[in-house]
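For reference, the structure is listed below as structure tokens.
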Protein chains: 2
Amino acid sequence: MSFLSFFLGERKKTASVAKERLQIILAHERSNKNSPDYLQKLQRELLDVLSKYVVINPDDIKVNIESHGSLDVLEVKIEMQQKN
Amino acid sequence: MSFLSFFLGERKKTASVAKERLQIILAHERSNKNSPDYLQKLQRELLDVLSKYVVINPDDIKVNIESHGSLDVLEVKIEMQQKN
């Protein structure tokens, strides 16, 4: 299954009103336990980059972090106000 | 299904050797046709942010863009050299 079909499936569950949405997923698979965990820092910097393109209201951001062994997945969901 | 389980499924297909991998997925759902498409520009800036954390060799980057109606999905896969 590709990411596109994954998102289309997700969208069917949630999308009632056509809103501007942006979703960022960061998956970091570490080759060993000593590899640094930088997803949190990355998340802040990514949001800084995004805010150059769209108006982001902190209340519109949902962050979810999951880990499984050497795999960390960070998910950021943003419902956006359109920059005019 | 959560993103974590999606990635775990993906990992089973590909992971032979434990490598340091990073995957970024950007999904942009536009509320209308006139919403700007900025995924390409975002992609370059995201890689700039990442390269502060890890050594990224351009040959190690795979980019995939898919669209379906108002949904654009950008996927960047990076197999990394560990920054010492």
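Only the coordinates and a few stated rules stand behind these numbers; no lab work does. If you're wondering where the values come from, they're calculated on a predicted model, not measured in any experiment. In this analysis, Cβ positions are derived from the backbone assuming ideal geometry, glycine residues included, and neighbour counts consider all displayed protein chains.
Before moving on, here are some points about what is shown:
- Scanning region B:37-57 for residues that are facing chain A (nearest Cβ under 7 Å), more than 12 Å from B:Val73 (Cα to Cα) and without any contact (Cβ under 8 Å) to a residue 24 or more places away in the chain gives B:Glu45, B:Val49.
- The residues in region B:32-69 that are loosely packed, with under 11 Cβ neighbours inside 10 Å and among the small types (Gly, Ala, Ser) can be counted, and the count is 1.
- Entry remark, region A:31-76: residues being charged (D, E, K, R), farther than 14 Å from B:Leu22 by Cα and in a strand (DSSP E or B) number 2 in total.
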